[in-house]
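Data first, discussion second: the structure below is written as structure tokens.
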Amino acid sequence: MMIQETIVTTTGTDGYVHIAPMGIHIDGDDYIIMPFRPSTTLEHILASGHAVLNHTDDVRVFAGCLTGRRDWPLTDTTKVAGKRLQHSLSHQELELERIEDDQQRPKLHCKVVYQHMHQAFDGFNRAQFAVLEAAILVSRLSMLPWQKIDTELQYLKIGVDKCAGERELEAWEWLMQAVEQFKLEHSNKVDTQ
Ligand SMILES: Cc1cc2nc3c(=O)[nH]c(=O)nc-3n(C[C@H](O)[C@H](O)[C@H](O)COP(=O)(O)O)c2cc1C
């Protein structure tokens, strides 16, 4: 079992396409999507019976989705009636097989029905890792102690300072703006922790 950080694209009954970063649990052929309720991704998958996993090294999509920038170019999928990111490295089209229900975080067990590689993977980059980790912190700002967020961001910034290209710097900037905004809005919490 491993967890792969992807961009999930799902389509609602009204045709609205939702784009959300999610960690997919992969156990052999079993792809498990685990959305926290309430979740648009969950609603869409339950209604349509499918989801699309987009694998991208453009970390702006991860940071963007968490900071209100969800307008990424999309294109039609091949086997399921959905959309995928136009500029992903590869994508996988999934059909829902069974649901393990849970009040907080249901498990949606899916199988891959189609996959395609669009571009080569150029290798690991520390700043991309740092942006992913910072994006997860930003998605949990109201749940985590401020001291932990501050310490982890200071560490992650090392990778950004040393290895970032333009896309990574832009993504980092969006996330740091969200952190600053949170600090302004929750100055009591931040000061006392
Ligand atoms: C790298 C990464 C992984 C994430 N994994 C999950 C996940 O497994 N489940 C989840 O509910 N949210 C996850 N999130 C947060 C969601 O992307 C975010 O809450 C999003 O708004 C969920 O959309 P939805 O609840 O409308 O489906 C993750 C965020 C990041 C940056």
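The values are calculated or read from the model by the stated rules, or taken from the named source; none is laboratory data. This is a predicted model, so every value here is computed, not measured. Glycine gets a Cβ as well: all are built from the backbone with ideal geometry, and neighbour counts include every protein chain shown. The protein model used for the area step is the full one, side chains on, heavy atoms only, and it has no ligands, DNA or RNA in it. Shrake-Rupley method; radii C 1.70, N 1.55, O 1.52, S 1.80 Å.
May I ask you to list the residues in region 121-165 that are in a loop (DSSP other than H, G, I, E, B), at pLDDT 95 or above and among the small types (Gly, Ala, Ser)?
Gly123, Ala164, Gly165
Would you be able to say whether some residue in region 9-27 is within 12 Å of the ligand (Cβ to nearest atom), more than 22 Å from Ala178 (Cα to Cα), in a loop (DSSP other than H, G, I, E, B) and not aromatic (Phe, Trp, Tyr)?
yes
Out of curiosity, is Val61 free of Cβ contacts under 8 Å to residues at least 60 places away in the same chain, closer than 20 Å to Gln119 by Cα, open to solvent by less than 70 Å² (accessible area, probe 1.4 Å) and within 13 Å of the ligand (Cβ to nearest atom)?
Answer is yes for this residue.
Quick check on this structure: which one of Thr77, Thr67 is of a type in the set (S, T, N, Q) and either within 15 Å of the ligand (Cβ to nearest atom) or open to solvent by 60 Å² or more (accessible area, probe 1.4 Å) (or both)?
Answer to the selection: Thr67.
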